[in-house]
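Reading through the structure tokens given below for one structure.
Nothing in this text is a laboratory measurement; each read-out follows from the coordinates by a stated rule. What you are looking at is a predicted structure, and each value in this text was computed from that prediction instead of being measured. Glycine gets a Cβ as well: all are built from the backbone with ideal geometry, and neighbour counts include every protein chain shown.
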Amino acid sequence: MHNRRVESARILRHWTLALAVVMLLFAWTTPASSGETIAADRGTKTHSNLSAKANKTKPGETNPGAGWGKGGRVKSDPKPNPTTTTVPATTTGPSAATTTTAPGTTAPPITTSTSTAPTTTQPTTTTAPPPTTTGAPPTTTTTRTPRATTTTTRAPTTTTTTTTTTTTTTTTTPPTTTTVPPSSILWSEGHEAGNTNGWSYIAISGNANARVTNERSHTGNYANRLTIKDANGSGSSPGVRMEKHDGIPGYSDPQNLPREGYYSVFYYFPQHIDHDGWFWNVFQWKRAYVTSSGNHSRHPTWVVNVLDSGPGRMTLMLESKVDGNNKYKPNGTREATAPIDVPIGKWVHLECFYKWSMDATGRITCWQDGAKIWDVRNVETDLNYSYLFDKWQWSVNSYAADTTPSTHSIWIDDAAISLQRLGPNWK
């Protein structure tokens, strides 16, 4: 009985082994289903193509999310498969991509790259017409706008967009300060020769003098010191007048100065001067003429005086010496007063436009340190006598009747006559 049981168990083991061999052979000879990979060592399945189920793509449609499950994540067995064979994935784009997964790794996301060629806009150059300001350069505007756009998309959730825009604008504008061409400056005197030879004539009355010194200067090393003494109202009116009326190229008697021109000079007033008399003349135009008897005479036409405007204050005043008949009037008429004070202890620039005219078309416009202080129009600015005319004259002066102190000095420098306004920064 015992032997029969042993024999039955042995036969059962043989049949069981034979059945296992048959099943194993059947498993090896059966092909794997489409879209699945059979692992040789563990018999686990790794799904690599779930696009049809995850995205429910209809037949004939392109699946933009091929190879991706819901939520954009790869659905795979949590245990890595060391030996896998990857079926080519479906790729949407200009070309299909084949991904090969190394052993022991999970397949990376499929990458679709689209590059847009850079778009370049041709440079645009605009040249403005030349400005009306004399001597100013034209305005040139150059604009370059290259524009390049590159878009790279990494499926399924990462999108990187890089846009580069470069705009370069170069603008050249004319300077705010007009540069006066040298040809418009008819004459100038900076006293750097150490003398007064640049002036036409020095007219002295009473106790006065002119000396070029190096005590101070507006530019360079020298300036002209004008000194008057004993201006105490005793009847003597000391004065020194630096005149310019010849030696200007292109001009000759009697029109030896421009009919319309600019006259300028820098002053230095070292102290306040009480103006107790009826004038302190520092700037004037004159008409010289010859009488019928052959005598030479001259009279001022318009004058710039310094007024005592109160304690520590001085201002400029414009006075006319021409009457209604274009004749000289000794007691002038005050025509305008500057709205600003003359600075003390520093250089100040006075510039005036003067138009010579025997009728009421003359004009006098003046600037103090670049600020307009008056503009007198439609006036007579020349004398009309029945004599032979000689010269138009202009002078820079210190000429007074009664001042406190009675003896004092001022300095002048960088005088000029020009056809264009120079402004205070020309020197």
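Could you give the nm distance between label points at Asn425 and Ser205, where each point is 7 Å from its Cα heading toward the beta carbon?
Output for this residue pair reads 4.0 nm.
Work out from phi, with θ = phi - 60° and the Karplus expression 6.51 cos²θ - 1.76 cosθ + 1.60, the ³J(HN,Hα) of each residue of segment 8-13, listed in order in whole Hz, and give x for Gly and Pro.
3J(HN,Hα) across segment 8-13, in whole Hz: 5, 5, 5, 5, 4, 5.
As a quick test, which of the pairs Lys321/Lys427; Lys229/Lys286; Lys229/Lys327; Lys391/Lys427; Lys321/Lys355; Lys229/Lys355 have an alpha carbon distance above 27 angstrom in this structure? Numbers along the way, then the final one.
Working: Lys321/Lys427 32 Å; Lys229/Lys286 24 Å; Lys229/Lys327 31 Å; Lys391/Lys427 29 Å; Lys321/Lys355 15 Å; Lys229/Lys355 34 Å.
Exceeds cut-off: Lys321/Lys427; Lys229/Lys327; Lys391/Lys427; Lys229/Lys355.
Amide H of Tyr201 versus every other amide H placed in the peptide plane: which residues, excluding those fewer than 5 positions away on the same chain, fall under 5 Å?
Glu243
Pop out the ³J(HN,Hα) list for segment 254-270 in order, Karplus 6.51 cos²θ - 1.76 cosθ + 1.60 with θ = phi - 60°, rounded to Hz; leave Gly and Pro as x.
Using θ = phi - 60°, the values come out as x, 8, 8, 10, x, 4, 10, x, 10, 10, 8, 6, 9, 10, 10, 9, x Hz.
Need the full-extension length gain, Leu24 to Ser183, defined as separation in residues times 0.36 nm minus the C-alpha distance. One decimal, nm.
45.8 nm
Expected output is a single nm value to one decimal: the length gained when fully extending between Thr16 and Val376, i.e. 0.36 nm times separation in residues minus the C-alpha distance. What is it? The partial results should precede the final answer.
Values: separation 360, 0.36 × 360 = 129.60 nm, distance 13.42 nm.
Separation in residues times 0.36 nm, less the Cα-Cα distance, equals 116.2 nm.
Would you kindly state how much longer the chain becomes between Arg334 and Asp253 on full extension, computed as 0.36 nm times their sequence separation minus their alpha carbon distance, in nm to one decimal? Let's see the in-between values first.
Numbers: separation 81, 0.36 × 81 = 29.16 nm, distance 2.99 nm.
Full-extension gain reported as 26.2 nm.
Would you calculate the separation in nanometres between label points at Lys327 and Thr213, each defined as 7 Å from the Cα along the Cα-to-beta-carbon direction?
Label-label distance for Lys327 and Thr213, simple model: 4.4 nm.
With a Förster radius of 30 Å, plug the Cβ-Cβ distance of Glu192 and Gln271 into 1/(1 + (r/R0)^6) and report the FRET value to the nearest 0.05. Write down the numbers at each step before the final one.
Numbers: r = 26 Å, r/R0 = 0.87.
FRET efficiency, Glu192 to Gln271: 0.70.
Please list, in order along segment 185-201, the HN-Hα scalar couplings obtained from phi with the Karplus expression 6.51 cos²θ - 1.76 cosθ + 1.60 (θ = phi - 60°), rounded to whole Hz, x for Gly and Pro.
Per-residue couplings from phi come out as 8, 6, 6, 8, 9, x, 6, 6, 7, x, 8, 10, 5, x, 8, 7, 6 Hz.
Can you list the residues, at least 5 places off or on another chain, whose amide H is less than 5 Å from the amide H of Lys391, using H built in the peptide plane?
The list, which skips near neighbours in sequence, is Ala288, Tyr289.
As an exercise, use a Förster radius of 22 Å and the Cβ-Cβ distance of Asn221 and Lys346 to find the FRET efficiency, rounded to the nearest 0.05. Before the final figure, lay out the partial values.
Details: r = 18 Å, r/R0 = 0.84.
Computed FRET efficiency for Asn221 and Lys346: 0.75.
Using modelled amide H (1.01 Å from N, peptide plane; none on Pro or chain starts), what sits under 5 Å from the amide H of Phe279, excluding residues fewer than 5 places away?
Ala401, Asp402
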